[in-house]
Amino acid sequence: MQRARSEDLAGELAAALGPEAVRTGSMERSLYARDASMIQGEAAVVCLCASRADVQAAVDIARRHGRAVVPRGAGTGLAGGAVPVSEDGAPPVVLVTTRMNRVVEVDPAQRVAWVQPGVLNLDLSRQVAPLGLHFAPDPSSQQACSIGGNVANNSGGPHCLAYGVTSAHVLAVEVVLSDGSVTTLGGLDPEPAGYDLRGAFVGSEGTMGIATAVAVRLTPLPPVIRTLLVGFATAEDAAATVSAVIAAGVVPAALEMMDQRITAAVEDFVHAGFPTDAAAVLLVEVDGLASGVEAAAETVARLARDGGATSVRVAADAAERDLIWKGRKSAFGAVARLAPNYYLHDTVVPRTRLADILNAVYAVADRNQVAVMNVFHAGDGNLHPLFLFDRRVPGALERVHAAAEEVLRICLDAGGALSGEHGIGLEKRDYMPLLFSEADLVAQDGLRDAFDPMRLFNPLKVLPSGSRCGDLQAVPAGAWV
Amino acid sequence: MRAAPDVLERFRAEVGPDGPVTVAGGMTQWDVGGPVDGSARVVRAPTGVVSHLPAEMIVRVRAGTTVAELDDALGSAGQFVPLDPPDPRRATVGGVLSVGRSGPRRLRWGPVRDCVLEVRFVSAAGELLKGGAPVVKNVSGFDMGRLLTGSLGTLGFLAEVVLRTHPRPAARRWLAGGGDPQQTFDSLYRPSTVLWDGARTWVLLEGHPADVADQAGRLPGFAEVAGPPPLPAAGRVSLAPSAALGWAAGLGPGSFVVEVGVGVVHLGPEAAPAPAPPGPDPAAAAIAARLKARFDPGGRLNPGRRP
């Protein structure tokens, strides 16, 4: 296949999608050359698709021109999943779905909504709230991130502890495949025939197809909610309380932990009355029916006091609860005031190991002379060490990378995983061999290959390049992209 | 990379790299997907609950373990996994996952595919492979667990899995009455099960005793019963929840039980023939064919069976 020049590619795309939807200016190409990670790629053309037909046309044209297609939602991804790169170095077509932002249909009787991929996560929940429903996955970026991106990354969020991650809330996905055909994976029926292609697609990070419509499950809003903010004198006490709560048979809707450093930053930022003298703060939310919620809240408060809590505050009303959550979800905004750059890590450990691992994270940061703060989903062991730095300082970025890698290895040694909710993307791709054997990775590549045998979509993501069957070679372990 | 325990290694060797082979559990849902070619050797997956960590809410269990054995192990620590097959003394964990059919409590606790955290399976090439990780939240790599769940052993044979557990609710109560099924479903907050047979509606409530009592009080004309009606097993139809109620309403009362809010219809022998499920569209069928070609190019795993 002869690769045409970028101008011909852009011209054809503009003819198909309309000139306004196709951007080739250096400013826009540079904006779409990266996502919320620190990795830079290069976009040939940016397509702002408004319909499934636009997506199909763009995919067909890119394929004919031999250009990779990198799908992109709101670009809030932290693992480089939407960074345009390609195997042959030719800049890919970036296909943006944010203009496909309609909630197509809401069916309250079946508690399902069909939405376009560009609908923002929080907009969906706000729109269905008058029906007493919500979309349960709630990433911290939920004001900005799109449902399409949630599907691609199988996103989580604080309330996934009780409600499950995105895959549990996606019933069907309409997908454009690399040959330009359209298929619907899964269905509104509970047991669609054949392989669970829907389940395989959710979390595939844009490597298998482009979602053009998503049927999401809507969950009833809980009748009663109790939110507790508990301060501890040590992080160990807080971590031990997390395990004690789960071991007591209470599964809170959310169980979040913030260390003293991040608590202070947040309190300065939102003035939510967080206990800044505490070494660690737990934000615990229990929801459901009244008696179960009261009993669970009492159990949590009792276990916290038994575990050495220095303060226990229960939100008196919805306004106070919203303020506490605003503090939690503004953590990354608060940190932006403290340093020009931050790197947000994402790993998972068995929750009973939280205290050790936290101490190890502090030790790693000290050793590498990097400032670190911790705010994370303690209930499911999903750590988010936040490394602060100034990219302009020589060696600073390298020290952050070294610290992040050390943390990753510690978490895997403890029986954890590479990523809890941000995905692998480019950033963690070359660490996959720490968790999986070569043969495991070849199997995963076979799954991807079944969806996209042409390798048109989002090349070089998730799997190390040596994972392809018949192309086995040692992958240099530990190479940070 | 940890060395595989001997028992998994033995299973791997038994499946081997060649020749037609099938894996049998309790054979309680053996007809699903059609008969396996008679030439296939029969192997059985290893058994036993390896470890249950209640504070992690996970259990590692070998695929040949019966669901009853798993339930007993978890129950002693006050937890459960909502697999709920019809015959838990015979049905195995690997069999339930490979068939992929969920029990009637999926309305509250989710389908079986949502409880799978890690899978270890033997590939058609006779390798012991892994997908996922033993933690409750994980997006490291593609979702092999969901791919294998419901694949009827045509892509790989499950050897060992890590499942997410839940605390057992403090109280559970079955009620039955003449209420309209959709209205009954709408009036409750996250009931565990709502069943309807065309004449009566059954409800399973689980949770704090006072909440269960309060919810039960919202069901006028319902009375406590010992358990659900027997679920007829002559046929099983999967439709969108509203369509399932609509279709079942045209059948004779008593010839079916529909899972309200879910869409599974259990059919008795006297029910009208089930509508043929819509086949996958050509693009999805092509993906499925390529999957089979990638994972089992020689067609040796469960030959004849179609998921």
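Readers should treat all values here as calculations from the given coordinates under stated rules, not as data from a laboratory. Only a predicted model underlies this, so the values are computations on that prediction, with no experimental measurement involved. Cβ: placed from backbone, ideal geometry, glycine included. Neighbour counts: every protein chain shown.
Modelled spin labels at B:Arg168 and B:Ala213, positioned 7 Å past Cα toward Cβ, are 2.1 nm from each other.
You can think of it this way: the chain between A:Asp413 and A:Asp60 has 122.6 nm of extra reach, that is 0.36 nm per residue less the Cα-Cα gap. The GNM of chain B, with springs linking C-alpha atoms under 10 angstrom apart, assigns the highest mean-square fluctuation among B:His52, B:His166, B:His208 to B:His208. Taking the square roots of five times each eigenvalue of the Cα gyration tensor of the range A:57-182, the equivalent ellipsoid has semi-axes of 29, 16, 12 Å, listed largest first. Beyond 18 Å, what share of the Cα-Cα pairs of the range A:94-161 remains, rounded to the nearest whole percent? Everything past 18 Å amounts to 34 percent.
Would you look at the GNM of chain B, springs on alpha carbons closer than 10 Å, and say which of B:Phe80, B:Phe185, B:Phe142 moves the most? Greatest mean-square fluctuation among the candidates belongs to B:Phe142. The stretch between A:Ala339 and A:Val251 holds 28.1 nm of extra length on full extension. This uses 0.36 nm per residue minus the Cα-Cα distance. Springs join every pair of Cα atoms under 10 Å in this Gaussian network model of chain B, and among B:Leu239, B:Leu148, B:Leu83 the largest mean-square fluctuation is at B:Leu239.
If the viscosity is 1.002 mPa s and the temperature 20 °C, what translational diffusion coefficient in µm²/s does Stokes-Einstein give for the range A:1-130 when Rh comes from Kirkwood over Cα pairs? Using the Kirkwood radius from Cα pairs, D works out to 138 µm²/s. The angle separating the long axis of helix A:6-17 from the principal Cα axis of greatest extent in chain A is about 80 degrees. From helices alone, the protein assembly as shown scores -8500 deg cm²/dmol at 222 nm; the rule is -39500 (n - 2.57) for each run of n ≥ 4 DSSP H residues, then divide by the residue total. Placing +1 on each Lys and Arg Cβ and -1 on each Asp and Glu Cβ, with no other charges, gives the range B:1-136 a dipole about its Cα centre of roughly 180 debye. Of the trypsin sites (Lys or Arg not before Pro) in the range A:2-92, the ones in a loop by DSSP (not H, G, I, E or B) with at most 10 other beta carbons within 10 Å are A:Arg5.
With only Cα atoms counted, the range B:177-274 has Rg and Dmax values of 13.3, 43 Å.
Which one of A:Val22, A:Gly423, A:Ala248 is farthest out on the positive end of the charge dipole of chain A, using unit charges on Cβ (Lys, Arg +1; Asp, Glu -1) and the Cα centre as origin? Most positive-ward Cα: A:Val22.
Does the range A:134-207 come out rounded, prolate or oblate by the C-alpha gyration tensor, with a ≥ b ≥ c the root eigenvalues, rounded set by a/c under 1.5 and, if not, prolate when a/b is larger than b/c and oblate if not? Cα axes put the range A:134-207 in the oblate bin. Round to the nearest 0.05 the FRET efficiency obtained for A:Arg392 and A:Asp366 when R0 = 22 Å and r is the Cβ-Cβ distance. It comes to 0.50. Convex hull volume of the Cα atoms of the protein assembly as shown, normalised per residue: 152 Å³.
Distance between the 7 Å Cα→Cβ label points at A:His271 and B:Ala276: 7.0 nm. Placing a pseudo-label 7 Å from each Cα along the Cα-to-Cβ vector at B:Ser76 and B:Ala234 gives an inter-label distance of 4.3 nm.
Quick check: from the Cα gyration tensor, does the range B:252-301 come out rounded (a/c under 1.5), prolate or oblate? Since a/c reaches 1.5 and a/b is larger than b/c, the shape of the range B:252-301 is classed as prolate. For the protein assembly as shown, the number of Lys pairs separated by eight or more positions or lying on different chains, with C-alpha atoms closer than 20 Å, is 6.
The stretch between A:Ala290 and A:Lys326, if pulled fully straight at 0.36 nm per residue, gains 10.5 nm over its current Cα-Cα span.
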